[in-house]
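Following: one structure in structure tokens, then a few remarks.
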Amino acid sequence: MAIIMDGKRLRDKILSNLKSEIEAFTKKPVLAVILVGDDPASRIYVNNKKKTAENIGIKSIVIEYPANIEEEVLLKKIKDLNSDDEVNAILVQLPLPRHIDKQKVIDAISPLKDVDCFTIENCGKLYTGLEPYVYPCTPQGILYLLDEYKINLEGKHVVVIGRSNLVGKPAAQLALNRNATVTVCHSHTKNLSDITKTADVLISAVGEVLIEDDMMKDDCVVIDVGIFRDCNGKVRGDVNFETVSKKASYITPVPGGVGPMTIASLMVNTVKLYKEQNKRSS
Ligand code: NAP
């Protein structure tokens, strides 16, 4: 039976350490979150971020716009936040309405305040082996979990399913940075299970039930990033937890695995940016 990697426990530990660190700061770090439209899931995510931030002493400003907001207004707001010395970190909650150019909006964020590591400049640093100011939240959260359970990636075959800019690609890059041998799979991958069966560590970031126990070798480490509601409204991940947990050596549950680590990473990143900006201004 697999050891369950407890994201909630590790999140609480990380947040508690951050809270102590922030208590010693002369000024509170400030995280600005832009929410466009009234997508209920986005609103829940934003509220959770705000609540978590404020619990540990980060001030969180939520700026809301209706779905029909003009791109120019959004760009102007980001420009203002960039030049506001009181604001340390900026996050634009995705998805944005279709009429808005997502990459243009993200790239308007100063790389020094880009808490998600989404701007072209920070992504460029990430993929060329330079250090971005912060690493993308979900993949970084996965590394925190692997470190907590002392799972070393060096020389291991890490199979990542999913190639989004949000999770799959940066997760693959971070595994590569740890000297893993990495295979990235996606919806056009042929014979997926032939590949997953060779994985020492399997990271699934798809958003549908995909991973069964006959797709993996014994003692594989399984990281389930997927989170969605099934047809009965139950929150679940990509992995058939019941069967896979009997074969894996370690596994993340959904909910309670990678999700809490993403929010912990966001707080870590806000504090990192705060410290970087303070260092520069002193
Ligand atoms: P996304 O942009 O929709 O990407 C999904 C990826 O899965 C794509 O690369 C797609 O391939 C691939 N894919 C789809 N069907 C597949 C199949 N049958 N076999 C192999 N690959 C397949 O989603 P995302 O933003 O990366 O998020 C993925 C999941 O993680 C979602 O459930 C999301 O809610 C969850 N998520 C969780 C957290 C967290 O904190 N726990 C954070 C972010 C995301 P193509 O590129 O070929 O289309």
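We did not get these values from a lab; they are worked out from the coordinates using the rules stated. Keep in mind it's a predicted model, so treat the numbers as computed, not measured. Ideal geometry is used to build each Cβ from the backbone, glycine not excepted, and the neighbour counts take in all protein chains shown.
Quick look at the numbers
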| quantity | calculated |
| --- | --- |
| Per-residue ³J(HN,Hα) for region 18-26, Karplus 6.51 cos²θ - 1.76 cosθ + 1.60, θ = phi - 60°, Hz, x for Gly and Pro | 5, 4, 4, 5, 5, 4, 8, 6, 6 |
| Helix axis angle, 40-55 relative to the chain longest principal axis, alpha carbon, degrees | 70 degrees |
| Full-extension gain in nm, E64 to E148, via 0.36 nm per residue minus C-alpha separation | 26.6 nm |
| Karplus-derived HN-Hα couplings along region 258-266 (A = 6.51, B = -1.76, C = 1.60, θ = phi - 60°), whole Hz, x at Gly and Pro | 6, x, x, 6, 5, 6, 4, 4, 4 |
| Share of pairwise Cα separations in region 1-83, more than 14 Å, in percent | 72 percent |
| Pair T198, K234: separation of 7 Å Cα→Cβ label points (nm) | 3.4 nm |
| Cα-projected label distance for L75 with R98, points at 7 Å along beta-carbon direction, nm | 2.2 nm |
| Sparse-neighbour loop sites [trypsin sites (Lys or Arg not before Pro); region 116-186; at most 11 other C-beta within 10 Å; DSSP] | K150 |
| Residue-span extension gain [E212 to R43] - 0.36 nm each, minus C-alpha spacing | 57.6 nm |
| DSSP loop chymotrypsin sites (Phe, Trp or Tyr not before Pro) with at most 16 other Cβ within 10 Å: longest gap in the chain | 150-282 |
| Furthest towards positive pole of dipole, S193, V209, T270, structure part region 167-275, Cβ charges | T270 |
| Student exercise, the chain dipole from Lys, Arg, Asp, Glu Cβ charges, in Debye to nearest 20 | 440 debye |
| Residues with amide H under 5 Å from that of V62, placed H, sequence gap 5 or more | V33 |
| For region 86-112 versus region 143-221, the gap between their alpha-carbon centres in whole angstrom | 28 Å |
| Anchor K275: aspartates and glutamates whose Cα lies under 20 Å away (excluding residues fewer than 8 positions away in-chain) | E21, E23, E54, D84, D85, E86, D114, D116, E121, E131 |
| Extension gain (nm, one decimal) between S83 and N191, 0.36 nm per residue minus Cα-Cα | 33.9 nm |
| Which of M5, M261 has the fewest Cβ neighbours within 10 Å, and the rest in rising order | M5, M261 |
| Residue among I251, L146, V158 farthest towards the positive dipole end of the chain, charges placed on Cβ | L146 |
